[in-house]
Structures are given as C-alpha cells and as structure tokens.
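Read the structure below first, then the notes.
Readers should treat all values here as calculations from the given coordinates under stated rules, not as data from a laboratory. All values derive from a computational prediction rather than experimental measurement. Neighbour counts run over all protein chains shown; Cβ positions are idealised from the backbone, glycine included.
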Amino acid sequence: MQSRTCLITGANSGIGRISALELAKKGFDIIMLCRNAEKARPVRQEIKKVSKSGRVDLIWCDLSSQQSVVQAAREIIDRYDRLDVLLNNAGLYIHKEQYSLDGIELTFATNHLGPFLLTNLLLDLLRKGDRPRVVTVSSEAHRFSSGFKLDELAKPRSYNGWKAYGASKLCNILFAKELAERTMGEGITSNSLHPGAVKTNFGADISSLMGLAFRLMQPFFISPEKGAETSIYLASSPEVEKVTGLYFDKSRPKTPNQEAQSSYNAKALWALSEKLTELNNRLVSV
Ligand SMILES: NC(=O)c1ccc[n+]([C@@H]2O[C@H](COP(=O)([O-])OP(=O)(O)OC[C@H]3O[C@@H](n4cnc5c(N)ncnc54)[C@H](OP(=O)(O)O)[C@@H]3O)[C@@H](O)[C@H]2O)c1
C-alpha cells in the first residue's frame, strides 16, 4: 500500500517537530517545510531514524515572503504527484512592529498570509490525495483579538505584539472555516486547533512584563509531546476523516470566540488575503 504524505510547516522545532516524528512513526512520508536549513537538517535525520517509510524531505521556505512560498510550492509540485495532509503549524510572536519583504506586518504575513498562499497553491495536489486534510494550528490567544479590524491587519494603526498575534490566530480559525466551506464536496477537510500552553521555543521574542510573566509560567506548560496530540489526531485519526470546519482543543471540538464564528469575517478575510497575495496571478504561475 502506498504511504500517505504529510507536509508540516515549522517541523524543526517544538510542536511541529513532535508532530513530524509521530506521523513518521505512523508511516507517513514527511515533507518538512522550514526556513532555517541548519536547524532543520539534524531534525530531519532524527525523523528519518524513526520513520516507517524512510521518506523525509526538506523544503526551504520563509513563510513571511510570498516569493519564497511560491518557490517552495513549485518545488513540492515538481517532486510530488499528491499530498494527503497539510499541517500549517509554523507561527511566531513578534514583540516589536516589523514588516515583511512584501511590506506587510510580519506576524500577519507569517502566521496567516504565508499559510493561506501555500495552502491555495497546493490545493490541486491535495485534491489528488487520499482522504486529504488541512490542519491549521491556531491558539486560544485568538480571544485577545477583540475589536479585530480587517483593514488594519496588513498595516496596524498602532502595534501591540499580543493583539497582532491574537489577530493572526483568529485569522487561522477563519481561514480554516472558509477553506472547509470552499472545499466541501471535494473530500478535503479543514480544521484548526489550540495545542495548549506548550513548553517550546515559542515566545523567545516576548520582552516586557508580559514576557517575564510568560517565562515564569513556562515550567507549568505542557510538554511538546502533549502539545502535539491534537495536531496528530486531526492529521491522522479516522475518527475525524469526514469532520470539517471546526476548531479543536484537547482533540475535541470547541467553540471559538464570536468573531471566529462569523461567516462574514471569514469571507472578508479570504477576499483580503486573495488581494494581498495576488492569488489569481500566483495560481497561474506555479
Ligand atoms: N507554544 C505554545 O504555548 C503555543 C500555544 C498556542 C499556539 N501555538 C502555536 O503552535 C505553533 C507552533 O509553535 P511552537 O510552540 O512549536 O513554537 P516554536 O518551537 O517556536 O516553533 C515554531 C516553528 O515555526 C517556524 N517559523 C517561524 N517563522 C517562520 C517563517 N517565517 N517561515 C517558516 N517557518 C517559520 C519556526 O522556525 P525557526 O525554528 O527557524 O524559528 C519553528 O520551526 C505556532 O503556530 C504557535 O502559534 C503555540
């Protein structure tokens, strides 16, 4: 039987690394999509050692750069004739306002626009997959995004790291919901999740009082092994083979905040993301 292929973004660290190790043990071929080859190479070897199929590929991609995402998608399309699972895991918190090469606020560019573009460019490969699934790692931090303003995502009027992170994680839930709607009937499922408060490299950029509090709380956070459980469940369990459009916590559906439940927000975000990534032109070029 042909093994199934799972692409994991940010597979070199934290929750993504454990997800890759566990899915490789379950027999998946793994594509690691990472921005830092130095960090990713040793992890690739580690995954190869436990992999049932022995196939662990590494693709370089900086998700904050649209050109880099297009290049990575081209490479994947060249190397693979189908994709079964796309695990949009990579994400980060940025304390000080920064902008991507495309001139877009860096948290939003990395945590939402990169995965949005990558997923859309790989949809045809997913359509050829076996029980294809898109899983997007969001966060309970989406609840920090109250007063979410679509027109300020790409260029906020005043920057606050937690608000920007919360808004990007709200975008993850809205994106997963709208993707589920759009792929309904094609057999592709799309769900998002909160992994828990997990002891990883996440938050290395958190400074200020909030950062101190975050670091003091870290000993009480769960392990990356525990934190990866919901990602692995959504990526591989037959129980959720046909479940789509939901947000999960501890491998169970959970109701996200009001803004994340709004179909109006989901559609408006999709339209904005299409415009900011010039999706229609990109689709023609890959
Ligand atoms: N840890 C928590 O408590 C927690 C809670 C809720 C949600 N989450 C979410 O869980 C996901 C995984 O985070 P983690 O906790 O495992 O943190 P982590 O250990 O810092 O891993 C994050 C991964 O994302 C990658 N990444 C960041 N920016 C990227 C870019 N521009 N292009 C490509 N890859 C990029 C990182 O690459 P480098 O190693 O090269 O930096 C790393 O591989 C994130 O989406 C995060 O928002 C985490």
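Going down the table (LYS128/LYS177; LYS163/LYS242; LYS199/LYS275; LYS128/LYS149), which pairs top 25 Å between alpha carbons? Show your work: numbers first, answer last.
Numbers: LYS128/LYS177 21 Å; LYS163/LYS242 33 Å; LYS199/LYS275 36 Å; LYS128/LYS149 36 Å.
Cα-Cα > 25 Å for LYS163/LYS242; LYS199/LYS275; LYS128/LYS149; rest within.
Give me the compactness ratio for region 1-156, meaning the Cα radius of gyration over 2.2 N^0.38 Å. Before the final figure, lay out the partial values.
Working: Rg = 15.8 Å, N = 156, 2.2 N^0.38 = 15.0 Å.
That works out to 1.05 for region 1-156.
Have a look at HIS194, HIS95, HIS112 and tell me which one the Gaussian network model of the chain (Cα, springs below 10 Å) gives the largest fluctuation.
HIS95
How much of the DSSP bridge set in the chain is antiparallel, in percent, rounded to the nearest 5?
Percentage antiparallel, nearest 5: 10.
At q = 0.07, 0.12 Å⁻¹, what log₁₀ I(q)/I(0) does region 5-285 have when each alpha carbon counts as one equal point scatterer in the Debye sum?
After summing over all Cα pairs, the log10 values are -0.22, -0.68.
Collect residues whose amide H, placed 1.01 Å from N in the peptide plane, falls under 5 Å from the amide H of LEU58; neighbours closer than 5 in sequence don't count.
Residues meeting the criterion, in which the H sits 1.01 Å from N, are MET32.
What nm distance separates the two modelled labels at ILE222 and GLU241, each placed 7 Å from Cα along Cα→Cβ?
If labels sit at ILE222 and GLU241, their model points lie 2.6 nm apart.
Label points 7 Å out from Cα along the Cβ direction at LYS25 and LEU101: separation in nm?
Each label point is offset 7 Å from its Cα along the Cβ direction, giving 3.7 nm.
In percent, what relative contact order does region 148-286 have, based on Cα pairs under 8 Å that are 6 or more apart in sequence?
Over region 148-286, the number comes to 32 percent.
So for the pair GLN2, TYR159, with labels modelled 7 Å out along Cα→Cβ, what separation do we get in nm?
4.5 nm
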